[in-house]
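*Asks:* Pasting in a structure now, in structure tokens, and then I'll have a few things to ask.
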Amino acid sequence: MPVSISTTASLYDRVRRVIPPIEWPAFSDDIDAILALKRERNAVILAHNYQTPEIFHCVADIVGDSLALARKAMSVEADVIVLAGVHFMAETAKLLNPGKTVLIPDLGAGCSLADSITASDVRLMRQRYPGVPVVTYVNTSAAVKAESDICCTSGNALAVVESLGTPRVIMLPDEYLARNIAAQTKIEIIAWKGHCEVHERFTPADIRELREAHPGVTVLAHPECPPEVVAEADFAGSTAAMSDYVGRHKPARVVLMTECSMSDNVAVEHPEVDFVRPCNLCPHMKRITLPNIRAALEEGRHVVTIDPDVADRARRAVERMLAV
């Protein structure tokens, strides 16, 4: 069934502040096709906060940060899930929906954090620190999750660490997230040296320059940023927490120290807020586009599969996180 002109127009009304009119014709045909294909295939699209606005606001059914997508994936009733994000997110959706078809539009949509650690690395850490529980960030492969005791996201990491009731934990793989959580708890945290290639580029000098150029600006930082950056910010939290902060406090001017599409997506919801945009792009997130989402639905590609034994063990780690 073709999508009506009024539907397409209403979608553009939603994003007109962040997508110039001249760009919309390049998106509208794919958006029309995707909306029709979702109905035909009984499919839903899950999109991370770092997706571009034409994906996030115009074709996605479920949006949010890693934790929100993990939670909401459990209640999806469609036959097909298309994950507009990176590969570890698609694996997590598959872990929580083993009977459904999960597609990722581009197999190259990886993650520098996920690539920084392997399952054998986790086993070696266990040998070095026997009896110490392993908390693994969701930005990891299913194989790494399978070697862990429990997963966490940037939004629930502190709660997960403190839920274990132990004097120290191993926290993998993001060194900066681990150090930022360690500053908030008395629990000793043993960190790995993985970094996000987007967030590690932010510096305290960046924030000072932004404050000088934009007096009164409110600075929000993601906890994958270096601790010195978090210390310079007015608030640090997950992408969901940053979005909630903007909604609650309505700062006149704000800067989000994270992947730059996040600012566009939050700006759609808060037209009264002036967003300053230091644009660090995630090359992996940007591999997801309207054309390859369309192709994923048309051709049933690329199907996410996980070895059953790995999946069972990884699923337990994710489910333990969701129970916290």
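*Asks:* What distance in nm separates the simple spin-label points at R71 and D234, each placed 7 Å from Cα in the Cβ direction?
*Replies:* 2.6 nm
*Asks:* For segment 123-180, report the accessible area per residue in Å² (1.4 Å probe, heavy atoms, rounded to an integer).
*Replies:* So segment 123-180 comes to 35 Å² accessible per residue, rounded to a whole number.
*Asks:* For the chain, modelled as a Gaussian network with Cα springs under 10 Å, which listed residue fluctuates most, S154, S238, S112?
*Replies:* Among S154, S238, S112, the largest mean-square fluctuation in the Gaussian network model of the chain belongs to S112.
*Asks:* Still on this structure, I have one more. For the chain, modelled as a Gaussian network with Cα springs under 10 Å, which listed residue fluctuates most, A178, A240, A93?
*Replies:* Of A178, A240, A93, the Gaussian network model singles out A240 as fluctuating most.
*Asks:* Using modelled amide H (1.01 Å from N, peptide plane; none on Pro or chain starts), what sits under 5 Å from the amide H of T101, excluding residues fewer than 5 places away?
*Replies:* Under 5 Å from the amide H of T101: I81.
*Asks:* With the full set of protein chains in place, find how many percent of the accessible area of segment 1-108 is carbon and sulfur; take the probe as 1.4 Å.
*Replies:* Details: 2490 of 4430 Å².
Carbon and sulfur atoms account for 56 percent of the accessible area of segment 1-108.
*Asks:* Once phi is turned into θ = phi - 60°, what whole-Hz ³J(HN,Hα) does the Karplus curve with 6.51, -1.76 and 1.60 give for every residue of segment 210-226, x standing for Gly and Pro?
*Replies:* 5, 5, 5, 6, 10, x, x, 5, 8, 10, 10, 10, 7, x, 7, 6, x
*Asks:* Using the Kirkwood formula over every pair of different C-alpha atoms, what hydrodynamic radius in Å results for segment 269-314?
*Replies:* Details: mean 1/r = 0.0678 Å⁻¹.
Over segment 269-314, the inverse of the mean reciprocal pair distance is 14.7 Å.
*Asks:* Just grab the label-to-label distance for L124 and L107, each label 7 Å out from Cα along the Cβ direction, in nm (one decimal).
*Replies:* Those two pseudo-labels are separated by 2.7 nm.
*Asks:* Further question: Could you check the simple spin-label distance between R211 and D312, using points 7 Å along Cα→Cβ, in nm with one decimal?
*Replies:* Each label point lies 7 Å from its Cα, and together they span 5.4 nm.
*Asks:* Put K193, K94, K186 in order of accessible area, largest first, 1.4 Å probe: what do you get?
*Replies:* Listed by decreasing accessible area, they come as K186, K193, K94.
*Asks:* How much of M74 can a 1.4 Å solvent probe reach, expressed as accessible area in Å² and rounded to 10?
*Replies:* 100 Å²
*Asks:* Another one. Could you give the alpha-carbon Rg of segment 137-242 over 2.2 N^0.38 Å, rounded to two decimals?
*Replies:* On the way: Rg = 14.6 Å, N = 106, 2.2 N^0.38 = 12.9 Å.
Dividing the Cα radius of gyration by 2.2 N^0.38 Å gives 1.13.
*Asks:* Looking only at E269, E224, E259, which one moves most when the chain is put into a Gaussian network model with springs between Cα atoms under 10 Å?
*Replies:* E269
*Asks:* Given H placed 1.01 Å from N in the peptide plane, which residues other than close sequence neighbours of R253 have an amide H under 5 Å from its amide H?
*Replies:* T218, D274
*Asks:* Let me know the charge dipole size of segment 1-90 about its Cα centre in debye, to the nearest 20, where only the beta-carbon of Lys, Arg (+1) and Asp, Glu (-1) is charged.
*Replies:* 240 debye
*Asks:* Suppose we keep just the DSSP beta bridges with both residues in the chain; what percent of those would be antiparallel, to 5?
*Replies:* The antiparallel fraction comes to roughly 5 percent.
*Asks:* Once the principal axes of the Cα atoms of segment 34-103 are found, what is the range along each, listed largest first in whole angstroms?
*Replies:* 28, 27, 18
*Asks:* Still on this structure, please answer the following. For the chain, what does the helix formula give at 222 nm: sum of -39500 (n - 2.57) over DSSP H segments with n ≥ 4, over the residue count, nearest 500 deg cm²/dmol? Display every interim value, and only then the final one.
*Replies:* On the way: 15 runs with 143 residues, N = 324.
Dividing the helical sum by the residues of the chain leaves -12500 deg cm²/dmol.
*Asks:* Still on this structure, please answer the following. Quick one: pull the percent of accessible area on segment 165-261 belonging to carbon and sulfur, 1.4 Å probe, ligands and nucleic acids left out.
*Replies:* So the carbon and sulfur contribution to the accessible surface is 50 percent.
*Asks:* When ligands, DNA and RNA are left out and all protein chains stay put, how many square angstrom of accessible area per residue does segment 235-305 have with a 1.4 Å probe?
*Replies:* 40 Å²
*Asks:* Here is a further query. No other cysteine beta carbon under 4.7 Å away is the test; run it over the chain and list who passes.
*Replies:* C58, C111, C151, C152, C196, C225, C282
*Asks:* Next question. Let me have the relative contact order for segment 69-158, percent, based on Cα pairs under 8 Å that are six or more residues apart.
*Replies:* Reported as a whole number, the value is 24 percent.
*Asks:* Right, something else. So what J values fall out for segment 267-276 if you push phi through Karplus, 6.51 cos²θ - 1.76 cosθ + 1.60 with θ = phi - 60°, rounded to Hz, Gly and Pro as x?
*Replies:* Couplings: 4, 4, 7, 9, x, 7, 9, 8, 9, 8 Hz.
*Asks:* Which one, V219, W192, M262, projects farthest toward the positive side of the charge dipole computed for the chain from Cβ point charges (K/R +1, D/E -1)?
*Replies:* The Cα lying farthest towards the positive end belongs to W192.
*Asks:* If you place +1 on the Cβ of every Lys and Arg and -1 on the Cβ of every Asp and Glu, how big does the dipole about the Cα centre of segment 177-248 come out, in debye to the nearest 20? Mind dumping the intermediate values first?
*Replies:* Values: 7 positive and 11 negative charges, 38 e Å.
So the magnitude is around 180 debye.
The values are calculated or read from the model by the stated rules, or taken from the named source; none is laboratory data. Remember, predicted model here, so these are calculated numbers, not experimental data. For neighbour counting, all protein chains shown are included, and Cβ atoms are generated from backbone atoms with ideal geometry for every residue, glycine included. For the accessible areas, the whole protein counts, side chains as well, though only heavy atoms, and no ligand, DNA or RNA atoms are used. Shrake-Rupley method; radii C 1.70, N 1.55, O 1.52, S 1.80 Å.
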